[in-house]
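Okay, structure first, notes after.
The values are calculated or read from the model by the stated rules, or taken from the named source; none is laboratory data. These figures come from a predicted structure and were not determined experimentally. A quick note on method: Cβ atoms are made from the backbone with ideal geometry, for glycine too, and the neighbour counts reach across all protein chains shown.
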Amino acid sequence: MDAPTRSYGGKTAQERAAERRERLVAAAIEVLAEQGAEHTTMTGICAAAGLTERYFYESFASLDEAMLAALDSVCAEIAELVVSTLQTTHGPPEGRVHALVVAFFDLVEESPGKARVAVVESAANAVLRPRRHELIQMFAQLVADEAAVLYRDQAWPEERARIHGLVFIAGLAELVGAWLTGAVETTREELVDACESLFVAFTRRDG
């Protein structure tokens, strides 16, 4: 029989460890966004989380693992946003696409640090770049899957849809990164309009 798990403050040891890991991931996102991957350190993450080195190694084997967890966390949040927005928005495809793009840019404006981790720091760091490529492929498939739901017979066949999704996602990442760094100067409204048009152009067949 397993020994009973001790509880402090109504939480088990596993629950407290999970909470510490969440704090460290949030701190890693914050430090990556503010300092850049090149200057992100375990010490800086621990300081931002208000935790000691001991707890860092409770959750992560290395700084690289913590940075990857930060990138995964941000991208999981974006993916969940995409799916939940389309599931809870009803009406014609144009309105649903608009709601999706607006929700995405709401996240970018409310949490620019998260967006920076996803599209700027992920491209600038040798450890994060391979995961970035994997995540772009994942989002490309998500775009293809959601386009099939939105446009039905007007959607591209599966393999072609994934190619178009890949081009759209890679382009979107570069566009958002350029906007965040000031390389592209335009308004949020213009970005929303452009991204809506590009999504439709890449995912819906004419005729």
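Quick look at the values:
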{"read-out": "Residues (farther than 13 Å from residue 195 by Cα and of a type in the set (Phe, Trp, Tyr)) located in the stretch 149-176", "value": "151, 156"}
{"read-out": "All positions within the stretch 78-95 that are surrounded by 14 or more Cβ atoms within 10 Å (Cβ to Cβ), part of a helix (DSSP H, G or I) and not hydrophobic (A, V, I, L, M, F, W, C)", "value": "85, 93"}
{"read-out": "Test: residue 65 is out of contact with any Asp or Glu (no Cβ under 9 Å at 6 or more places or on another chain) and within 11 Å of residue 24 (Cα to Cα)", "value": "no"}
{"read-out": "Any hit, the stretch 106-122, residues being touching a Lys or Arg at 6+ places or on another chain (Cβ under 6 Å), of a type in the set (S, T, N, Q) and at pLDDT 95 or above", "value": "yes"}
{"read-out": "Identity of the residue in the stretch 154-207, exposed (fewer than 13 other Cβ atoms within 10 Å of the Cβ) and among the small types (Gly, Ala, Ser), that ends up farthest from residue 36 (Cα to Cα)", "value": "207"}
{"read-out": "Hits in the stretch 25-44 (condition: among the hydroxyl-bearing types (Ser, Thr, Tyr) and not in a loop (DSSP other than H, G, I, E, B))", "value": "43"}
